[in-house]
Amino acid sequence: MFNALGTKQLEKIVEKSMKGIKRRLATKGIKIILESSGAKAILDASYDPSYGARPVERYLEGTVVTRLSRMLISGELTPGTIVRIEAFGDDSSNDDCDVPVAKKLRTNNLQYIVERDPDYEKEQEAERQRYLTSDYDYEMPDIEIVD
């Protein structure tokens with residue numbers, strides 16, 4: 001017999017599920033920060049005691065990934081931006097309780113705050129300098145002509 005997952009374990013499941021999304025956008029120079037209020041809102045919308053945390057992945061793909069994709073296509077997200085995902089009306093009064101989240105209405109109560117990453121240009125310049133000053137010299141291999 002297994003015990004029900006607590007809030008802390010469920011939040012870790014959401015964070016783990018978000019890693020793939022973060023990785024995909026990191027290749028485009030976009031950082032995602034999931035605030036704890038955002039993780040709780042995702043759990044409130046997706047967790048079902050009878051199915052456990054399984055619906056979390058589906059919810060993330062259907063809601064969060066869709067929203068971020070639309071922002072990317074519209075040009076709202078560009079390289080060097082940070083997206084903070086948090087809940088509307090952050091209510092952190094139950095932060096320390098280790099009780100499973102009850103199933104609630106599936107509403108999208110997340111907000112996506114887009115801001116410019118102040119370190120992005122520095123990181124890009126450091127990468128360029130590292131590339132330009134690398135000791136790797138590419139030489140064309142000798143070509144042997146055989147008759």
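Could you tell me whether any residue of the stretch 41-61 is modelled with pLDDT of 90 or more, among the charged types (D, E, K, R) and not in a helix (DSSP H, G or I)? No: zero hits. Is it the case that the stretch 68-85 has a residue that's among the charged types (D, E, K, R), under 29 Å from residue 124 (Cα atoms) and in a helix (DSSP H, G or I)? Checked against the condition, which is being among the charged types (D, E, K, R), under 29 Å from residue 124 (Cα atoms) and in a helix (DSSP H, G or I), the stretch 68-85 yields at least one hit.
If the condition is being in contact with a Phe, Trp or Tyr (Cβ under 8 Å, 6 or more places away or on another chain) and free of Cβ contacts under 8 Å to residues at least 12 places away in the same chain, then the stretch 5-58 contributes only 55.
In this entry, residue 78 is excluded by the filter for residues that are farther than 25 Å from residue 115 by Cβ, in contact (Cβ under 8 Å) with a residue 24 or more places away in the chain and over 10 Å from the mean Cα position of the chain (by Cα). All of 16, 40 fail the test of being touching a helix residue (DSSP H, G or I) at 6+ places or on another chain (Cβ under 8 Å) and within 27 Å of residue 115 (Cα to Cα), apart from 40.
The values are calculated or read from the model by the stated rules, or taken from the named source; none is laboratory data. Note that the structure is a prediction, hence the values are computed from the model and not measured. Here Cβ is always computed from backbone atoms with ideal geometry, including for glycine, and neighbour counts include all displayed protein chains.
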